[in-house]
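Working notes, beginning with the structure itself.
The values are calculated or read from the model by the stated rules, or taken from the named source; none is laboratory data. It should be emphasised that the depicted structure is a prediction, and the values quoted were computed from it without experimental measurement. Cβ placement follows ideal geometry from the backbone for every residue including glycine, while neighbour counts extend to all protein chains displayed. In case anyone asks, the SASA skips ligands and DNA or RNA and just uses the protein heavy atoms, side chains included. Shrake-Rupley method; radii C 1.70, N 1.55, O 1.52, S 1.80 Å.
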Amino acid sequence: MIFGNVNVNYNGLGYSPVLVRVLDWLKSTDFKQLPLGRHDIDGDNIFAMLQEVTTKKITDTRPESHKDYLDVQFVIDGQEKMGFLPDYGIEKVTEAHPDRDLYFYASEVTDEGFVLATPGTYVIFYPEDIHRPCCAVNDEPAKVLKIVVKVAMKLLV
């Protein structure tokens, strides 16, 4: 998992050129001018989902992971907590949707940490990161405008 802000220089941090391309796109795009939904950056290799979500209490969310894509979650307006933990193989998948590259886990997981995502921040979740997006700050649900960029792992190998 990587946590950062596009307004801080991320060049020279050793990120893959693919991730730098995504971060540059996030930094330079006016998302308020785009419609909600999918936006292709490089077809099915790199695409983004612009979403308006309402955050939920942590107990009303489920941790998830992906195998074929990494997530770059980017907050445009609002704020949300995002949970994360390494996938040590001890958490069991409770619901699998391999056709959507989406795997859910039980609501309670071991050693979960949280970050506060505010406008301009990005959180990069790799397949080895179990993560829990859309958590309400202080358990107060709120609207968040965000974009989730999906990057095919085959581009990073």
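Things to note:
- Of the residues contained in the stretch 134-143, one or more are found to be more than 18 Å from Phe3 (Cβ to Cβ) and touching a helix residue (DSSP H, G or I) at 6+ places or on another chain (Cβ under 8 Å).
- Phe125 of a type in the set (A, V, I, L, M, F, W, C) and buried (at least 16 other Cβ atoms within 10 Å of the Cβ): yes
- Residues (acidic (Asp, Glu) and modelled with pLDDT under 95) located in the stretch 88-125: Glu108, Asp111
- Across the stretch 19-40, the qualifying residues are those that are of a type in the set (A, V, I, L, M) and surrounded by 16 or more Cβ atoms within 10 Å (Cβ to Cβ), and the one among them that is nearest to Pro119 (Cα to Cα) is Leu26.
Each row is one residue, and each column tells you yes or no for (1) in contact with a helix residue (DSSP H, G or I) (Cβ under 8 Å, 6 or more places away or on another chain); (2) among the polar types (S, T, N, Q); (3) over 20 Å from Met1 (Cα atoms).
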{"site": "Gly43", "(1), (2), (3)": "no, no, yes"}
{"site": "His66", "(1), (2), (3)": "no, no, no"}
{"site": "Gln73", "(1), (2), (3)": "no, yes, no"}
{"site": "Thr94", "(1), (2), (3)": "no, yes, yes"}
{"site": "Glu112", "(1), (2), (3)": "no, no, no"}
{"site": "Val123", "(1), (2), (3)": "no, no, no"}
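- Of all residues assigned to the stretch 1-8, none qualifies as being open to solvent by 30 Å² or more (accessible area, probe 1.4 Å), more than 25 Å from Leu85 (Cα to Cα), modelled with pLDDT of 95 or more and not in a helix (DSSP H, G or I).
- Search result, residues across the stretch 78-118 that are open to solvent by 50 Å² or more (accessible area, probe 1.4 Å), closer than 19 Å to Val137 by Cα, in contact with a Phe, Trp or Tyr (Cβ under 8 Å, 6 or more places away or on another chain) and not charged (D, E, K, R): Phe84, Phe114
- Hey, Asp60 surrounded by fewer than 18 Cβ atoms within 10 Å (Cβ to Cβ) and within 24 Å of Phe47 (Cα to Cα) or not: no
- Matching option when the condition is assigned to a strand (DSSP E or B), closer than 26 Å to Ser16 by Cα, aromatic (Phe, Trp, Tyr) and touching a residue at least 40 places away in the same chain (Cβ under 8 Å), among Tyr103, Tyr122: Tyr122
- Of the residues making up the stretch 128-157, just one is β-branched (Val, Ile, Thr), open to solvent by 20 Å² or more (accessible area, probe 1.4 Å) and either under 24 Å from Ile76 (Cα atoms) or touching an Asp or Glu at 6+ places or on another chain (Cβ under 6 Å) (or both), namely Val137.
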